[in-house]
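A.B. asks: Before we start, here is the structure in question, set down as C-alpha cells.
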Amino acid sequence: MSSTPADTLGTSAAQARSAELEKQIAEDPGRFRVLTGDRPTGRLHLGHYFGTLHNRVRLQDLGVETFVLVADYQVLTDRDVAENLTEYVEELVLDYLAIGIDPERSTIFAHSAVPALNQLLLPFLSLVSVAELNRNPTVKDEIAHSRQSAVSGLMFTYPVHQAADILFCKANLVPVGQDQLPHLEITRTVARRFNDRYGNGTSVFPQPDALLSDAPLLLGTDGGKMSKSRGNAISLSATADETARLLRGAKTDAHRHITYDPTGRPEVSSLVLLAALCEGTDPARVAEEIGDGGGAALKRRVTEAVNEYLAPIRARRAAYAEDRRLVRDVLRVGNERANAVADATLKDVRAAMHATY
Ligand code: ATP
Ligand code: MG
C-alpha cells in the first residue's frame, strides 16, 4: 500500500471523535463553526468530495456557520510559481457552487485578500518549535512529492499558516481528509499555547476538532492518495467518457474475487468504497454483489455509479460557468465578510498581547 505517513497519527481515534461530534452537531448545530479550504491547484476531485466537500455542504445545510477558504498563498508551498492562478481560483469556486456550497449562507474567501488573517502567522510561529514542525508526517510526505529541489520556509511552516486560517474565525470544527490530522494537532497546540501565554485565564481561541468522513483517504488511479497534483485524480467536472477511461486504467490487484478489505487490498477496496458512496450503500455489499466478476466488473460498476452521482453536479457546474461575473461577485462578498471577522480577531489578539497603542 502506498500509505500516507499520517496513517499512524491516530486516524481511528479521530474517527471515534468524529462519531461523537456528529451526535453533538445533530443536537446543537449552532455551537459549531466550520473552516475548511483547498488550494487552487486544479479542479476538485472525488477524494475532495467524499473526504471533505460532502461534509461541508451537509454541515452548512444543518445550519452550521461555514467558512470556505481558497488557499491561494499556500499554492506556493510546493512550487515556485502559482501557475494559472486566476483560472484555478475560478474553477475552485465553480466546483464549490456546483456541489451546493451556498454563498448566501457560507463565506467563500481567498487568503491573499485577508491581511489580518495572515498577520496571525507571526505570533503563532512563536508558539511552536522547529523540532515540532520537523516531525509533521504530512509535511514530510508533501516534501517528498514537491516540485521544488529545496524545501522553502513556506512549505515548512504552512501548518502554522493553517492554524491562522482556522483560528482567524475561531472555528471549532474542520471537516478534512486524513492527511490533515497532523496539521489539526498543530492548530490545537497553537490555540492552547496562545490561551496559556496570553489569555489571562480566558480562552481567546477554541481548540478545533477534525471531522473525518467515511472516506478519509480515497486513493487515486495509481493506488496513491488521490491528489490534484499527482495526475491520479478523477475530477468532479470530468466528462462521463473521461471518467470511464480513467477508471478503466485504475490499479487493482491479481485476485479475481472482489472483497472489501481496506488494509489488505487498498486499491480494490477504494474502488468498492467509491461505488458504495455514490450508490449510498454499504461497501461490503457492493463487493459481495460483484464477487467473481473481477476487476472489470468492479470498474464498470464504479464508473456507472460515479457518472450517475455526478451528473447533476456537472450540469450545475456547466450552468454556473456561463456567468463569468458570478465567481468574482462570490469572492468579493466573501472576502469582505472574512475581513470583518479577521479584523475583530486580530484586535482580540493584540489586546491579549498588550499590543494596542
Ligand atoms: P494538492 O495535490 O494540490 O495538494 P490535494 O488534492 O491534496 O491537492 P488539497 O487542496 O491539498 O488537495 O486538500 C483539500 C482538502 O481535501 C483537505 O481537507 C484534504 O484532506 C482533502 N483531501 C484531498 N485529497 C483527499 C483524498 N484523496 N481523500 C480524502 N480527502 C482528501
Ligand atoms: Mg494536498
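None of the figures in this text is laboratory data; all of them are computed from the coordinates on show. Values in this document were obtained by computation on a predicted structure and should not be read as measured data. Counting neighbours? That spans all protein chains shown, and the Cβs are built from the backbone with ideal geometry, glycine included.
A.B. asks: Step through the residues of region 101-113 one at a time and calculate ³J(HN,Hα) from phi using the Karplus curve (6.51 cos²θ - 1.76 cosθ + 1.60, θ = phi - 60°), rounding each to whole Hz and writing x for Gly and Pro.
C.D. replies: My calculation for region 101-113 gives 6, 9, x, 6, 9, 10, 9, 9, 8, 10, 2, 5, 8 Hz in order.
A.B. asks: Per DSSP helix of 4 or more residues, -39500 (n - 2.57); summed, then divided by the residues of the chain. What does that give at 222 nm, rounded to the nearest 500?
C.D. replies: So the calculated ellipticity at 222 nm is -16500 deg cm²/dmol.
A.B. asks: Just subtract the alpha-carbon distance of H145 and R248 from 0.36 nm times their residue separation and send over the number in nm, one decimal. Intermediate results must be reported in sequence, preceding the final value.
C.D. replies: Details: separation 103, 0.36 × 103 = 37.08 nm, distance 2.50 nm.
Fully extending the segment from H145 to R248 adds 34.6 nm.
A.B. asks: Can you give the direction-averaged projected area of the convex hull of the alpha-carbon atoms in region 47-130, in nm²? Please list the in-between numbers first.
C.D. replies: Working: hull surface 29.3 nm².
Result: a mean projected hull area of 7.3 nm².
A.B. asks: Using the alpha-carbon atoms, what tilt in degrees (0 to 90, nearest 10) does helix 294-321 show relative to the longest principal axis of the chain?
C.D. replies: 50
A.B. asks: Oh, and also: Calculate the length of the line joining the C-alpha centroid of region 14-80 to that of region 272-292, in whole Å.
C.D. replies: Comparing the Cα centres of region 14-80 and region 272-292, I get a distance of 25 Å.
A.B. asks: May I ask you to derive the FRET efficiency for E289 and E22 from their Cβ-Cβ distance with R0 = 45 Å, giving the value to the nearest 0.05?
C.D. replies: Details: r = 28 Å, r/R0 = 0.62.
The pair E289/E22 has a calculated efficiency of 0.95.
A.B. asks: Can you list residues whose amide H is under 5 Å from T107's amide H, if they're 5+ apart or on another chain and H is modeled 1.01 Å from N?
C.D. replies: T66, F67, V68
A.B. asks: Another question, if that's okay. Taking the number of other C-beta atoms within 10 Å as the exposure measure, put F109, F194, F156 in order starting with the fewest. Kindly include the intermediate steps, with their values, before the conclusion.
C.D. replies: On the way: F109 27, F194 23, F156 16.
The fewest-first ordering by Cβ neighbours comes to F156, F194, F109.
A.B. asks: Then there's this: Rank the residues H45, H257 as a footprinting-exposure proxy: fewest other Cβ atoms within 10 Å of their Cβ go first. Before the final figure, lay out each step's value.
C.D. replies: Details: H45 23, H257 11.
Lowest to highest Cβ neighbour count: H257, H45.
A.B. asks: So, one more: On a 0 to 90 degree scale, rounded to 10, what angle separates helix 153-167 from the longest Cα axis of the chain?
C.D. replies: Roughly 80 degrees between the two axes.
A.B. asks: A further question follows. What is the diffusion coefficient of the chain in µm²/s, taking the Kirkwood radius over Cα pairs and the Stokes-Einstein relation at 10 °C with a viscosity of 1.306 mPa s? Write down the numbers at each step before the final one.
C.D. replies: On the way: Rh = 21.1 Å.
For these conditions, the coefficient is 75 µm²/s.
A.B. asks: Label 7 Å along Cα→Cβ of D196; region 166-190 residues with amide nitrogen under 12 Å?
C.D. replies: It comes to 189-190, nothing else.
A.B. asks: Can you give me the angle between helix 181-198 and the longest principal axis of the chain, using Cα atoms only, in degrees from 0 to 90, rounded to the nearest 10?
C.D. replies: 10
A.B. asks: Select from N84, N55, N307 the residue whose mean-square fluctuation is largest in a Gaussian network model of the chain (Cα-Cα springs shorter than 10 Å).
C.D. replies: N84
A.B. asks: Calculate, in nm to one decimal, what V333 and L133 gain on full extension: separation in residues at 0.36 nm each, minus their alpha carbon distance. Each step should come with its number before you reach the end.
C.D. replies: On the way: separation 200, 0.36 × 200 = 72.00 nm, distance 3.45 nm.
Extra length from V333 to L133 when fully extended: 68.5 nm.
A.B. asks: Next question. Give the cross-link partners of K228 among the lysines, using a straight C-alpha distance below 23 Å as the criterion and excluding same-chain residues fewer than 8 apart.
C.D. replies: Partners within reach: K140, K251, K299.
A.B. asks: Which of rounded, prolate or oblate describes region 240-321 when judged by the alpha-carbon gyration tensor and an a/c cut-off of 1.5?
C.D. replies: Numbers: a/c = 2.49, a/b = 1.90, b/c = 1.31.
Prolate.
A.B. asks: Going by how many other Cβ atoms sit within 10 Å of their own, how do H48, H161 line up, fewest first? Working shown, then result.
C.D. replies: Working: H48 25, H161 21.
Placing the least packed residue first, the sequence is H161, H48.
A.B. asks: Computed FRET efficiency, Cβ-Cβ of D323 and V81, R0 35 Å: what is it to the nearest 0.05? Can you show the working numbers first?
C.D. replies: Details: r = 29 Å, r/R0 = 0.83.
So the FRET efficiency works out to roughly 0.75.
A.B. asks: Hey, another quick one. With a Förster radius of 35 Å, plug the Cβ-Cβ distance of Q207 and D61 into 1/(1 + (r/R0)^6) and report the FRET value to the nearest 0.05.
C.D. replies: Numbers: r = 26 Å, r/R0 = 0.73.
According to the calculation, E is roughly 0.85.
A.B. asks: How many angstrom lie between the C-alpha centres of region 337-357 and region 159-187?
C.D. replies: Comparing the Cα centres of region 337-357 and region 159-187, I get a distance of 19 Å.
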